[in-house]
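The values are calculated or read from the model by the stated rules, or taken from the named source; none is laboratory data. Since the structure is predicted, the reported quantities are computational estimates derived from the model, not experimental observations. Heads up, the Cβs are rebuilt from the backbone with ideal geometry, glycines too, and the neighbour counts pull from every protein chain shown. To get the accessible areas, we keep the full protein, side chains included, count just its heavy atoms, and leave off ligands, DNA and RNA. Shrake-Rupley method; radii C 1.70, N 1.55, O 1.52, S 1.80 Å.
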Amino acid sequence: MAKPKNTGLGRGLDAIFLDNSIDESGGVIMLRLSDIEPNPDQPRREFEPEALAQLADSIAAHGLIQPIIVRSAGADGYYQIVAGERRWRASKMAGLSEVPVIIMEMDDKKAAQIALIENIQRENLNPMEEAAAYKSLLKDYGMTQEELSKQIGKSRSAVANTLRLLELPEEICTLVRDGRLSAGHARALLGLKNPARMAGAASAAVGKNLSVRETEALVRKLNRLDAKIAAVTEGEDEELPTVDYTAVLAKKMTSRLGRRVEIKKTGTQKKLTIHFENDADLDELVTRLCGDNIFDE
């Protein structure tokens, strides 16, 4: 039999699960299900109904083989689940009245560590749950990324990459929780320089069933497109000529009236000049500007 891999606290959990013959001081005892309550801070938030029902059927047929780890929940006689909420739920569904447990004395930090590691070892957490659990251990329990990586048997870069998933907008997080996007797809989308592109890129990845590599290629293509658009826009802004609207208007009036028109604005002085050739030209100009009956008044 191969030697179990050392994964920090997980090695201690393996020892607990494999040794059911130790006495009641930290050993296996039977507790009523009604005396056990779940941990509100447990990292796993979703329990797949069909898989839970299958586990309940197995427990009903063979009993709960693997004990639940609990700790005292206070002076009221209740115990809080540290690891094994899924087994606790399935045992209730199977109609059991009591289950085997291991009672351990531990603080909140240790309980959070064990709950996280137990779920990670069983691959029960979706990527978003795992990222949220990492954040809780770092923020709420004062662990460093280096300490966390040692405890869970993963590299520090793996921890950092998982934490980056929390930067995703909620609509993308939902796709990851549902399994429509993998953590690899989500990390690829984080490479988009324009966050407004993310929803569309995610829809394309899901709708076209893109691989992670194909999603990365899509992200690079969109980044190049945005860079070209930015370059063109910037160039247009620089080359826009300064328009002298007064000169344009004078030119249009000259064309319309058939006479040279000048418009000048100097400080508070504003002047419109219309040139004419002779008295007859002046009569025609005045008539065009003021109407045929101007001379009848």
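Descriptive notes on the structure:
- Surface accessible to a 1.4 Å probe, Met143 within the full protein complex, Å²: 10 Å²
- In the context of the full set of protein chains, region 136-194 has a per residue accessible area of 52 Å² (1.4 Å probe).
- Long-range lysine pairs (8 or more apart or interchain), region 128-236, Cα under 30 Å: 12
- For region 102-169, the Kirkwood hydrodynamic radius comes to 12.3 Å, computed from all pairs of different C-alpha atoms.
- Ser72 - accessible surface, heavy atoms, 1.4 Å probe, Å² rounded to 10: 50 Å²
- Span from the region 47-93 Cα centroid across to the region 138-196 one, whole angstrom: 28 Å
- Applying a DSSP loop filter and a limit of 11 other Cβ atoms within 10 Å to the GluC sites (Glu not before Pro) in region 75-182 leaves Glu105, Glu123.
- A Stokes-Einstein calculation at 4 °C with viscosity 1.567 mPa s, built on the Kirkwood radius of region 80-235 over Cα pairs, returns a diffusion coefficient of 72 µm²/s.
- Region 178-297, Cα convex hull volume normalised per residue, Å³: 257 Å³
- Neighbour net charge for Tyr245 - beta-carbon separation under 13 angstrom, K R +1, D E -1: +2
- Accessible carbon and sulfur surface of region 126-208 relative to its total accessible area, %, 1.4 Å: 49 percent
- Per-residue SASA entry for Lys208, accessible area with 1.4 Å probe, Å² rounded to 10: 150 Å²
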